[in-house]
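S.K.: Below you'll find the structure I mean.
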Amino acid sequence: MEQIFSLHRDLLAWFEAALQTIASRYRPDAHEACLKVLKAPMDIRGYGPVRLKAAVGARAQAEDLLHNL
């Protein structure tokens, strides 16, 4: 259970940092990539190990998009 609480705290901190990155690097030609990053939390569903796996995948995909901004 502690792992899930830790996951939620880590994801919140990551998402806040992602918002700042998007705000500082936004370009009209990168609009779709920014939207995908902003929608990443919606892909994190499930409980326990299912949620953990979804979080890792969604965050990795969003990180790739952020890196290319």
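What follows draws every value from the coordinates through simple rules; no lab data is involved. Please read all numbers here as calculations on a predicted model, not as lab measurements. Cβ atoms come from the backbone with ideal geometry, glycine included; neighbour counts cover every protein chain shown.
S.K.: Pick from ALA33, ALA58, ALA13: which is most flexible by mean-square fluctuation in a GNM of the chain where alpha carbon atoms under 10 Å apart are linked?
M.R.: ALA13
S.K.: From the phi angles alone, apply the Karplus equation (6.51, -1.76, 1.60; θ = phi - 60°) to the range 59-66 and give each ³J(HN,Hα) in whole Hz, x where the residue is Gly or Pro.
M.R.: These are the phi-based 3J(HN,Hα) values: 5, 4, 5, 5, 4, 4, 5, 5 Hz.
S.K.: Nearest 500 deg cm²/dmol is fine: what mean residue ellipticity at 222 nm does the chain get from its DSSP H runs of n ≥ 4 alone, each adding -39,500 (n - 2.57), divided by its residue count? Mind showing how you got there, number by number?
M.R.: Numbers: 3 runs with 52 residues, N = 69.
The helix-only estimate for the chain comes to -25500 deg cm²/dmol at 222 nm.
S.K.: DSSP loop (so not H, G, I, E, B), at most 13 other Cβ within 10 Å: list which chymotrypsin sites (Phe, Trp or Tyr not before Pro) in the range 1-63 pass both filters. Don't jump to the answer; show the numbers that get you there.
M.R.: On the way: sites: PHE5, TRP14, PHE15, TYR26, TYR47; in loops: TYR26, TYR47.
Answer by residue number: TYR26, TYR47.
S.K.: Can you find, among HIS67, PRO49, ALA13, the residue sitting farthest towards the positive end of the charge dipole of the chain, where Lys and Arg contribute +1 and Asp and Glu -1 at Cβ?
M.R.: PRO49
S.K.: Which one, (1) 5.2; (2) 4.2; (3) 5.5, gives mean projected area of the Cα convex hull in nm² as derived from the coordinates shown?
M.R.: Identified label for the calculated read-out: (2).
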